[in-house]
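Here is the structure we will look at.
The values are calculated or read from the model by the stated rules, or taken from the named source; none is laboratory data. Please read these numbers as outputs of a predicted model, since none were measured by experiment. So basically every Cβ, Gly included, is an ideal-geometry build from the backbone, and we count neighbours across all protein chains shown. Each accessible area value is taken on the protein alone, full model and side chains, heavy atoms only, with ligands, DNA and RNA left out. Shrake-Rupley method; radii C 1.70, N 1.55, O 1.52, S 1.80 Å.
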Amino acid sequence: MQFASTRHADESVDFPTALHRGLAPDGGLYHPTTDPNLKTLIRGFNRDTSFVEMCGSLTAALFPETYTREQAYRIAERAFPFSPAVSHLTDSLYFLELFHGPSCAFKDFGASFLATVMEDYLASTGERATILTATSGDTGSAVAHAFHNKQNIEVVILYPSGRVSPLQEKQLTTLTGNITAVEVQGSFDDCQRMVKEAFLDPELKERYQLTSANSINIGRLIPQSFYYIYAFSQLRERLHDEFLFCVPSGNFGNLTAGVLAWRWGMPANRFLAATNANDEVPKYLESGLYRPRPSIQTIANAMDVGDPSNFERLMQIFGNEHMAVTSMILGHSSSDDEIRDTMREYWTHHQVLLCPHTSAGVRAVDQARTNLSDGAAVVLATAHAGKFSEVVKDATGQDPEIPERLAKLLDLPKQAVLAENTLEALRNVLVDRFG
Ligand SMILES: *Cc1c(COP(=O)(O)O)cnc(C)c1O
(Lines give C-alpha, C1' and ligand atoms only; values in the text may rest on other atoms or scores of the structure.)
Protein backbone atom coordinates (compact mmCIF):
# COMPACT_ATOMS: atom_id res chain seq x y z
CA MET A 1 0.00 0.00 0.00
CA GLN A 2 1.29 3.44 -0.99
CA PHE A 3 0.27 6.81 0.44
CA ALA A 4 -0.12 10.24 -1.14
CA SER A 5 -0.83 13.67 0.30
CA THR A 6 -4.43 14.91 0.18
CA ARG A 7 -3.00 18.01 -1.53
CA HIS A 8 -0.70 16.45 -4.17
CA ALA A 9 -1.79 13.08 -5.48
CA ASP A 10 1.25 12.61 -7.72
CA GLU A 11 3.99 11.79 -5.19
CA SER A 12 3.45 8.55 -3.32
CA VAL A 13 5.47 7.14 -0.44
CA ASP A 14 5.59 3.80 1.38
CA PHE A 15 4.17 3.11 4.84
CA PRO A 16 7.36 3.67 6.89
CA THR A 17 7.91 7.06 5.21
CA ALA A 18 4.32 8.21 5.75
CA LEU A 19 4.55 6.97 9.32
CA HIS A 20 7.78 8.76 10.06
CA ARG A 21 6.75 12.04 8.44
CA GLY A 22 3.30 12.23 10.02
CA LEU A 23 2.21 15.25 8.00
CA ALA A 24 3.11 15.38 4.29
CA PRO A 25 5.71 18.05 3.37
CA ASP A 26 2.99 20.09 1.60
CA GLY A 27 0.90 20.20 4.78
CA GLY A 28 -1.62 17.62 3.54
CA LEU A 29 -2.53 14.31 5.15
CA TYR A 30 -1.38 10.97 3.85
CA HIS A 31 -4.07 8.67 2.55
CA PRO A 32 -3.90 5.34 0.71
CA THR A 33 -3.58 5.72 -3.07
CA THR A 34 -5.45 2.47 -3.74
CA ASP A 35 -8.13 0.42 -2.03
CA PRO A 36 -6.88 -3.13 -1.67
CA ASN A 37 -9.60 -5.71 -2.12
CA LEU A 38 -9.71 -7.67 1.13
CA LYS A 39 -13.20 -9.11 0.66
CA THR A 40 -12.14 -12.73 0.70
CA LEU A 41 -9.84 -12.26 3.68
CA ILE A 42 -12.54 -10.43 5.65
CA ARG A 43 -15.18 -13.05 4.84
CA GLY A 44 -12.81 -15.69 6.13
CA PHE A 45 -12.85 -14.20 9.66
CA ASN A 46 -15.47 -15.45 12.09
CA ARG A 47 -16.44 -15.33 15.75
CA ASP A 48 -13.49 -17.51 16.69
CA THR A 49 -10.89 -15.30 15.04
CA SER A 50 -9.04 -13.41 17.77
CA PHE A 51 -8.39 -9.71 17.40
CA VAL A 52 -4.62 -10.23 17.34
CA GLU A 53 -4.88 -12.91 14.66
CA MET A 54 -7.09 -10.65 12.55
CA CYS A 55 -4.76 -7.66 12.95
CA GLY A 56 -1.80 -9.83 11.99
CA SER A 57 -3.43 -10.99 8.75
CA LEU A 58 -4.72 -7.52 7.90
CA THR A 59 -1.30 -5.93 8.50
CA ALA A 60 0.34 -8.58 6.32
CA ALA A 61 -2.26 -8.11 3.57
CA LEU A 62 -2.02 -4.30 3.60
CA PHE A 63 1.78 -3.97 3.77
CA PRO A 64 3.32 -6.97 1.98
CA GLU A 65 6.15 -4.77 0.70
CA THR A 66 7.06 -3.68 4.25
CA TYR A 67 6.42 -6.65 6.55
CA THR A 68 6.70 -10.40 6.22
CA ARG A 69 3.80 -12.40 7.60
CA GLU A 70 5.78 -13.23 10.72
CA GLN A 71 6.69 -9.58 11.30
CA ALA A 72 3.06 -8.54 10.83
CA TYR A 73 1.89 -11.07 13.42
CA ARG A 74 4.59 -10.00 15.87
CA ILE A 75 3.48 -6.37 15.49
CA ALA A 76 -0.13 -7.33 16.19
CA GLU A 77 0.85 -9.38 19.27
CA ARG A 78 2.96 -6.62 20.74
CA ALA A 79 0.53 -3.79 19.91
CA PHE A 80 -2.62 -5.49 21.16
CA PRO A 81 -2.41 -7.15 24.56
CA PHE A 82 -5.96 -5.78 24.85
CA SER A 83 -8.91 -6.35 22.56
CA PRO A 84 -12.21 -4.72 21.61
CA ALA A 85 -15.40 -6.42 22.77
CA VAL A 86 -18.87 -6.55 21.29
CA SER A 87 -21.90 -6.34 23.56
CA HIS A 88 -25.58 -5.98 22.87
CA LEU A 89 -28.33 -4.03 24.49
CA THR A 90 -31.26 -4.97 22.25
CA ASP A 91 -31.54 -6.92 19.01
CA SER A 92 -30.97 -3.74 17.10
CA LEU A 93 -28.41 -1.96 19.26
CA TYR A 94 -24.87 -3.25 19.72
CA PHE A 95 -21.79 -1.69 21.25
CA LEU A 96 -18.28 -2.05 19.96
CA GLU A 97 -16.45 -1.48 23.25
CA LEU A 98 -13.13 0.21 22.63
CA PHE A 99 -12.27 1.04 26.24
CA HIS A 100 -10.44 -2.10 27.35
CA GLY A 101 -6.96 -0.71 26.67
CA PRO A 102 -4.58 0.96 29.15
CA SER A 103 -6.12 4.46 29.00
CA CYS A 104 -9.73 3.17 28.67
CA ALA A 105 -10.49 4.91 25.35
CA PHE A 106 -10.33 3.95 21.68
CA LYS A 107 -7.20 6.05 21.08
CA ASP A 108 -5.22 3.23 22.71
CA PHE A 109 -5.60 1.14 19.54
CA GLY A 110 -4.09 3.66 17.13
CA ALA A 111 -1.43 4.87 19.56
CA SER A 112 -0.28 1.37 20.47
CA PHE A 113 0.03 0.22 16.86
CA LEU A 114 1.89 3.42 15.96
CA ALA A 115 4.30 3.00 18.89
CA THR A 116 5.02 -0.58 17.89
CA VAL A 117 5.71 0.08 14.20
CA MET A 118 7.72 3.18 15.07
CA GLU A 119 9.91 1.21 17.45
CA ASP A 120 10.60 -1.28 14.63
CA TYR A 121 11.31 1.50 12.18
CA LEU A 122 13.86 3.13 14.50
CA ALA A 123 15.51 -0.23 15.20
CA SER A 124 15.91 -0.78 11.45
CA THR A 125 17.44 2.65 10.79
CA GLY A 126 19.44 2.96 14.02
CA GLU A 127 17.82 6.33 14.76
CA ARG A 128 16.30 7.74 17.91
CA ALA A 129 13.23 9.93 18.21
CA THR A 130 11.57 12.27 20.65
CA ILE A 131 7.81 12.39 20.46
CA LEU A 132 6.67 15.88 21.36
CA THR A 133 2.97 16.39 21.88
CA ALA A 134 0.49 18.69 23.58
CA THR A 135 -2.65 17.35 25.22
CA SER A 136 -5.80 18.75 26.74
CA GLY A 137 -6.22 15.42 28.53
CA ASP A 138 -7.19 12.31 26.64
CA THR A 139 -4.87 11.98 23.67
CA GLY A 140 -1.79 12.40 25.83
CA SER A 141 -2.62 9.50 28.11
CA ALA A 142 -3.09 7.08 25.20
CA VAL A 143 0.23 8.21 23.71
CA ALA A 144 2.04 8.00 27.07
CA HIS A 145 0.84 4.45 27.72
CA ALA A 146 1.52 3.32 24.15
CA PHE A 147 5.12 4.59 24.04
CA HIS A 148 6.06 3.74 27.61
CA ASN A 149 9.28 1.66 27.64
CA LYS A 150 9.62 1.63 23.86
CA GLN A 151 13.26 1.46 22.73
CA ASN A 152 15.04 4.52 21.30
CA ILE A 153 12.01 6.74 21.93
CA GLU A 154 11.56 9.56 24.42
CA VAL A 155 8.14 11.14 24.92
CA VAL A 156 7.56 14.71 26.08
CA ILE A 157 3.97 15.64 26.81
CA LEU A 158 2.87 19.20 27.51
CA TYR A 159 -0.35 19.77 29.42
CA PRO A 160 -1.98 22.91 30.81
CA SER A 161 -1.59 23.23 34.58
CA GLY A 162 -4.86 22.93 36.47
CA ARG A 163 -6.93 22.34 33.34
CA VAL A 164 -6.94 18.58 33.07
CA SER A 165 -8.92 16.32 35.41
CA PRO A 166 -7.04 14.81 38.40
CA LEU A 167 -7.33 11.36 36.82
CA GLN A 168 -6.01 12.60 33.48
CA GLU A 169 -3.10 14.27 35.22
CA LYS A 170 -2.19 11.04 37.00
CA GLN A 171 -2.30 9.18 33.70
CA LEU A 172 0.25 11.61 32.26
CA THR A 173 2.55 12.00 35.23
CA THR A 174 2.90 8.61 36.91
CA LEU A 175 4.46 6.46 34.17
CA THR A 176 7.89 8.20 34.24
CA GLY A 177 10.85 6.35 32.60
CA ASN A 178 10.90 7.54 28.98
CA ILE A 179 7.76 9.63 29.51
CA THR A 180 8.35 13.25 30.58
CA ALA A 181 5.27 15.22 31.57
CA VAL A 182 5.63 19.00 31.33
CA GLU A 183 3.11 20.98 33.35
CA VAL A 184 2.78 24.27 31.49
CA GLN A 185 1.67 27.41 33.28
CA GLY A 186 -0.76 28.37 30.57
CA SER A 187 -3.61 27.08 28.43
CA PHE A 188 -3.87 24.16 26.03
CA ASP A 189 -3.41 26.65 23.19
CA ASP A 190 -0.10 27.69 24.76
CA CYS A 191 0.99 24.05 24.87
CA GLN A 192 0.11 23.58 21.21
CA ARG A 193 1.90 26.75 20.24
CA MET A 194 5.06 25.69 22.10
CA VAL A 195 5.03 22.33 20.30
CA LYS A 196 4.56 24.03 16.92
CA GLU A 197 7.38 26.48 17.64
CA ALA A 198 9.69 23.65 18.64
CA PHE A 199 8.99 21.83 15.36
CA LEU A 200 9.76 25.02 13.44
CA ASP A 201 13.11 25.42 15.23
CA PRO A 202 15.61 23.55 13.01
CA GLU A 203 18.18 23.27 15.77
CA LEU A 204 15.76 21.65 18.24
CA LYS A 205 14.14 19.47 15.62
CA GLU A 206 17.48 18.07 14.48
CA ARG A 207 19.12 17.75 17.87
CA TYR A 208 16.29 15.79 19.48
CA GLN A 209 14.85 14.18 16.33
CA LEU A 210 11.44 15.60 17.15
CA THR A 211 8.49 13.57 15.85
CA SER A 212 4.77 13.93 16.40
CA ALA A 213 2.41 11.11 17.24
CA ASN A 214 -0.77 13.02 16.71
CA SER A 215 -3.97 11.57 15.47
CA ILE A 216 -3.46 12.53 11.84
CA ASN A 217 -0.59 10.03 11.54
CA ILE A 218 -1.59 7.27 9.14
CA GLY A 219 0.01 4.78 11.54
CA ARG A 220 -2.75 5.60 14.00
CA LEU A 221 -5.57 5.64 11.48
CA ILE A 222 -5.07 2.29 9.72
CA PRO A 223 -5.27 0.08 12.84
CA GLN A 224 -8.57 1.71 13.77
CA SER A 225 -10.06 0.08 10.67
CA PHE A 226 -9.25 -3.29 12.20
CA TYR A 227 -11.83 -3.11 14.98
CA TYR A 228 -14.67 -2.39 12.58
CA ILE A 229 -13.76 -5.60 10.76
CA TYR A 230 -13.60 -7.34 14.14
CA ALA A 231 -17.11 -6.13 14.99
CA PHE A 232 -18.39 -7.38 11.66
CA SER A 233 -16.80 -10.80 12.13
CA GLN A 234 -18.27 -11.11 15.63
CA LEU A 235 -21.76 -10.07 14.54
CA ARG A 236 -22.09 -11.36 10.98
CA GLU A 237 -24.33 -14.26 11.94
CA ARG A 238 -26.71 -11.90 13.69
CA LEU A 239 -26.70 -9.03 11.24
CA HIS A 240 -29.03 -10.26 8.55
CA ASP A 241 -30.62 -7.03 7.47
CA GLU A 242 -29.21 -3.60 7.05
CA PHE A 243 -26.79 -2.36 9.64
CA LEU A 244 -24.85 0.79 10.27
CA PHE A 245 -21.90 1.87 12.36
CA CYS A 246 -22.48 4.92 14.53
CA VAL A 247 -19.28 6.80 15.36
CA PRO A 248 -19.05 9.52 18.04
CA SER A 249 -16.86 11.99 16.17
CA GLY A 250 -14.64 15.01 16.78
CA ASN A 251 -11.62 15.01 14.52
CA PHE A 252 -13.23 12.31 12.36
CA GLY A 253 -10.27 9.92 12.42
CA ASN A 254 -12.36 7.09 13.79
CA LEU A 255 -15.09 7.48 11.19
CA THR A 256 -12.56 7.75 8.35
CA ALA A 257 -10.99 4.47 9.51
CA GLY A 258 -14.39 2.77 9.31
CA VAL A 259 -14.98 4.07 5.81
CA LEU A 260 -11.57 2.70 4.79
CA ALA A 261 -12.53 -0.74 6.12
CA TRP A 262 -15.70 -0.57 4.01
CA ARG A 263 -13.68 0.40 0.94
CA TRP A 264 -11.49 -2.67 1.48
CA GLY A 265 -14.54 -4.89 1.39
CA MET A 266 -16.13 -4.94 4.84
CA PRO A 267 -19.92 -4.92 4.47
CA ALA A 268 -21.80 -1.95 6.00
CA ASN A 269 -24.86 -0.09 4.78
CA ARG A 270 -24.15 3.27 6.33
CA PHE A 271 -22.03 5.21 8.77
CA LEU A 272 -23.66 7.62 11.16
CA ALA A 273 -21.45 10.48 12.36
CA ALA A 274 -22.56 11.56 15.84
CA THR A 275 -21.25 14.91 17.02
CA ASN A 276 -21.85 17.17 19.98
CA ALA A 277 -22.72 20.85 19.42
CA ASN A 278 -19.70 21.11 17.11
CA ASP A 279 -21.88 20.26 14.14
CA GLU A 280 -19.88 21.43 11.09
CA VAL A 281 -19.92 17.99 9.46
CA PRO A 282 -23.64 17.18 10.03
CA LYS A 283 -24.35 20.67 8.65
CA TYR A 284 -22.18 19.93 5.63
CA LEU A 285 -23.99 16.65 5.02
CA GLU A 286 -27.30 18.49 5.12
CA SER A 287 -26.40 21.52 3.03
CA GLY A 288 -23.25 20.77 1.04
CA LEU A 289 -21.57 23.78 2.66
CA TYR A 290 -18.60 23.26 4.96
CA ARG A 291 -18.08 26.10 7.41
CA PRO A 292 -15.37 25.42 10.00
CA ARG A 293 -15.72 27.42 13.20
CA PRO A 294 -13.84 27.80 16.50
CA SER A 295 -14.72 24.85 18.71
CA ILE A 296 -17.45 25.00 21.34
CA GLN A 297 -16.89 23.50 24.81
CA THR A 298 -19.25 20.61 25.62
CA ILE A 299 -19.54 17.80 28.17
CA ALA A 300 -18.32 15.36 25.50
CA ASN A 301 -15.06 17.29 25.37
CA ALA A 302 -12.92 14.81 23.44
CA MET A 303 -15.13 15.72 20.48
CA ASP A 304 -14.82 19.49 20.82
CA VAL A 305 -13.39 20.12 17.37
CA GLY A 306 -14.53 22.96 15.13
CA ASP A 307 -12.50 22.13 12.03
CA PRO A 308 -11.86 18.39 11.96
CA SER A 309 -8.57 17.63 10.23
CA ASN A 310 -9.71 14.28 8.87
CA PHE A 311 -12.54 15.94 6.92
CA GLU A 312 -9.98 16.39 4.13
CA ARG A 313 -9.29 12.65 4.05
CA LEU A 314 -12.94 11.74 4.16
CA MET A 315 -13.73 14.03 1.23
CA GLN A 316 -10.83 12.55 -0.71
CA ILE A 317 -12.25 9.06 -0.34
CA PHE A 318 -15.52 10.23 -1.89
CA GLY A 319 -13.87 12.19 -4.71
CA ASN A 320 -14.90 15.46 -3.02
CA GLU A 321 -18.51 14.86 -4.11
CA HIS A 322 -21.25 15.83 -1.69
CA MET A 323 -23.68 13.32 -3.22
CA ALA A 324 -21.17 10.49 -2.88
CA VAL A 325 -20.50 11.35 0.78
CA THR A 326 -24.18 11.52 1.68
CA SER A 327 -24.91 8.20 0.01
CA MET A 328 -22.82 6.54 2.72
CA ILE A 329 -22.66 8.91 5.67
CA LEU A 330 -25.43 10.33 7.82
CA GLY A 331 -24.89 12.93 10.50
CA HIS A 332 -26.51 13.95 13.76
CA SER A 333 -25.53 16.54 16.33
CA SER A 334 -26.62 16.49 20.00
CA SER A 335 -26.67 19.28 22.55
CA ASP A 336 -25.28 18.79 26.07
CA ASP A 337 -28.83 18.47 27.40
CA GLU A 338 -29.63 15.75 24.89
CA ILE A 339 -26.42 13.93 25.76
CA ARG A 340 -27.32 14.08 29.47
CA ASP A 341 -30.93 13.03 28.83
CA THR A 342 -29.75 10.00 26.90
CA MET A 343 -27.32 9.02 29.66
CA ARG A 344 -30.14 9.24 32.17
CA GLU A 345 -32.61 7.37 29.97
CA TYR A 346 -30.23 4.46 29.34
CA TRP A 347 -29.38 4.24 33.01
CA THR A 348 -33.06 4.18 33.96
CA HIS A 349 -34.24 1.75 31.29
CA HIS A 350 -31.20 -0.44 30.72
CA GLN A 351 -28.92 0.09 33.75
CA VAL A 352 -25.97 0.99 31.55
CA LEU A 353 -23.73 3.96 32.17
CA LEU A 354 -22.58 5.60 28.96
CA CYS A 355 -19.65 7.95 28.65
CA PRO A 356 -20.84 11.31 27.24
CA HIS A 357 -19.31 10.59 23.80
CA THR A 358 -20.94 7.20 23.53
CA SER A 359 -24.16 8.82 24.68
CA ALA A 360 -24.05 11.21 21.72
CA GLY A 361 -23.74 8.10 19.53
CA VAL A 362 -26.72 6.35 21.09
CA ARG A 363 -28.76 9.54 20.82
CA ALA A 364 -27.93 9.82 17.09
CA VAL A 365 -29.06 6.23 16.52
CA ASP A 366 -32.35 6.81 18.34
CA GLN A 367 -33.00 9.90 16.25
CA ALA A 368 -32.01 8.22 12.99
CA ARG A 369 -34.28 5.22 13.64
CA THR A 370 -37.24 7.12 12.35
CA ASN A 371 -35.56 7.41 8.94
CA LEU A 372 -34.07 3.95 8.78
CA SER A 373 -35.58 0.55 8.13
CA ASP A 374 -35.41 -1.86 11.05
CA GLY A 375 -31.70 -2.60 10.67
CA ALA A 376 -29.24 -2.86 13.52
CA ALA A 377 -26.81 -0.22 14.71
CA VAL A 378 -23.33 -0.82 16.10
CA VAL A 379 -22.34 2.15 18.26
CA LEU A 380 -18.65 2.62 18.93
CA ALA A 381 -18.30 2.96 22.71
CA THR A 382 -15.29 5.24 22.59
CA ALA A 383 -14.46 5.54 26.30
CA HIS A 384 -15.25 3.98 29.66
CA ALA A 385 -17.85 5.90 31.69
CA GLY A 386 -15.44 5.88 34.66
CA LYS A 387 -13.13 8.26 32.77
CA PHE A 388 -15.82 10.92 32.89
CA SER A 389 -17.22 10.22 36.32
CA GLU A 390 -18.22 13.82 37.12
CA VAL A 391 -20.34 14.17 33.99
CA VAL A 392 -21.83 10.70 34.43
CA LYS A 393 -22.69 11.36 38.07
CA ASP A 394 -24.23 14.70 37.20
CA ALA A 395 -26.45 13.17 34.52
CA THR A 396 -27.45 9.91 36.19
CA GLY A 397 -26.85 10.31 39.91
CA GLN A 398 -24.62 7.23 39.71
CA ASP A 399 -20.92 6.93 40.46
CA PRO A 400 -19.48 4.86 37.64
CA GLU A 401 -16.98 2.20 38.58
CA ILE A 402 -13.43 3.35 37.84
CA PRO A 403 -11.46 0.54 36.19
CA GLU A 404 -8.72 -0.89 38.39
CA ARG A 405 -5.94 0.08 35.99
CA LEU A 406 -6.97 3.75 36.28
CA ALA A 407 -7.87 3.72 39.97
CA LYS A 408 -4.45 2.46 40.99
CA LEU A 409 -2.77 5.46 39.31
CA LEU A 410 -4.50 7.78 41.76
CA ASP A 411 -2.22 6.49 44.54
CA LEU A 412 1.03 7.00 42.62
CA PRO A 413 3.06 10.20 43.03
CA LYS A 414 2.78 12.84 40.33
CA GLN A 415 6.09 13.58 38.58
CA ALA A 416 6.00 16.56 36.26
CA VAL A 417 8.40 19.30 35.23
CA LEU A 418 6.87 22.72 35.76
CA ALA A 419 7.48 25.16 32.90
CA GLU A 420 6.44 28.61 31.76
CA ASN A 421 4.49 28.93 28.55
CA THR A 422 7.41 29.80 26.27
CA LEU A 423 9.61 27.99 23.78
CA GLU A 424 12.63 29.00 25.89
CA ALA A 425 11.18 27.13 28.85
CA LEU A 426 10.56 24.05 26.71
CA ARG A 427 14.09 24.23 25.35
CA ASN A 428 15.43 24.26 28.90
CA VAL A 429 13.39 21.20 29.78
CA LEU A 430 14.79 19.34 26.77
CA VAL A 431 18.38 20.36 27.58
CA ASP A 432 18.03 19.43 31.26
CA ARG A 433 16.53 16.11 30.44
CA PHE A 434 18.46 14.96 27.38
CA GLY A 435 21.53 17.22 27.17
C1 LIG B 1 -11.00 11.35 20.53
C2 LIG B 1 -12.31 10.88 21.00
C3 LIG B 1 -13.47 10.93 20.16
C4 LIG B 1 -13.43 11.53 18.78
O5 LIG B 1 -12.74 10.71 17.86
P6 LIG B 1 -12.25 11.31 16.46
O7 LIG B 1 -11.46 10.22 15.82
O8 LIG B 1 -11.42 12.50 16.79
O9 LIG B 1 -13.47 11.67 15.69
C10 LIG B 1 -14.66 10.41 20.65
N11 LIG B 1 -14.74 9.89 21.91
C12 LIG B 1 -13.67 9.83 22.73
C13 LIG B 1 -13.83 9.26 24.08
C14 LIG B 1 -12.42 10.32 22.30
O15 LIG B 1 -11.36 10.26 23.15
Legend entry - Cβ-placed point charges (K, R +1; D, E -1), dipole of the range 1-123 about Cα centre in debye, nearest 20: 140 debye
Inset, instruction - Along Cα→Cβ, 7 Å out, is where each label goes; now give me the distance between the ones at SER327 and GLN151 in nm to one decimal. - result: 4.9 nm
Legend entry - Amide N proximity, the range 3-30 versus ARG74 label position 7 Å along Cα-to-Cβ, cut-off under 17 Å: 16
Inset, instruction - Could you please state how large a percent of the accessible area of the range 1-144 is carbon and sulfur, counting protein chains only and using a 1.4 Å probe? - result: 48 percent
Legend entry - Efficiency of FRET between GLU203 and ARG433 - r from beta-carbon atoms, R0 22 angstrom, step 0.05: 0.85
Inset, instruction - Using per-residue counts of other Cβ atoms within 10 Å, averaged over each peptide, order 262-271, 112-121 from highest down. - result: 112-121, 262-271
Inset, instruction - Over all alpha-carbon pairs in the range 1-135, figure out the percentage whose distance exceeds 19 Å. - result: 61 percent
Inset, instruction - Net charge near ASN428: determine it from the other residues with C-beta under 15 Å of the C-beta of ASN428, scoring Lys and Arg +1 and Asp and Glu -1. - result: -4
Inset, instruction - Rank-order 148-161, 186-199 by packing density, defined as the average count of other C-beta atoms within 10 Å over each peptide's residues, highest first. - result: 148-161, 186-199
Inset, instruction - With θ set to phi - 60°, apply the Karplus curve 6.51 cos²θ - 1.76 cosθ + 1.60 along the range 396-402 and write out the HN-Hα couplings as whole Hz, x wherever there is a Gly or Pro. - result: 10, x, 9, 8, x, 5, 9
Inset, instruction - Amide H neighbours of ALA134 under 5 Å, at least 5 residues apart or on other chains, H built in the peptide plane: list them. - result: LEU158
Inset, instruction - Pick out, from MET54, TYR30, ILE339, the residue whose Cα sits farthest towards the positive end of the charge dipole of the chain, with +1 on the Cβ of Lys and Arg and -1 on the Cβ of Asp and Glu. - result: MET54
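Can you give the accessible area per residue of the chain, in Å², using a 1.4 Å probe?
Details: 17560 Å² over 435 residues.
On a per-residue basis, the chain sits at 40 Å².
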Inset, instruction - Would you compute, from DSSP H runs of 4+ residues alone, the mean residue ellipticity of the chain at 222 nm, taking -39500 (n - 2.57) per run and dividing by the full residue count, rounded to the nearest 500? - result: -13500 deg cm²/dmol
Legend entry - Amide proton proximity set for GLY28, modelled H, under 5 Å, gap of 5+: ARG7
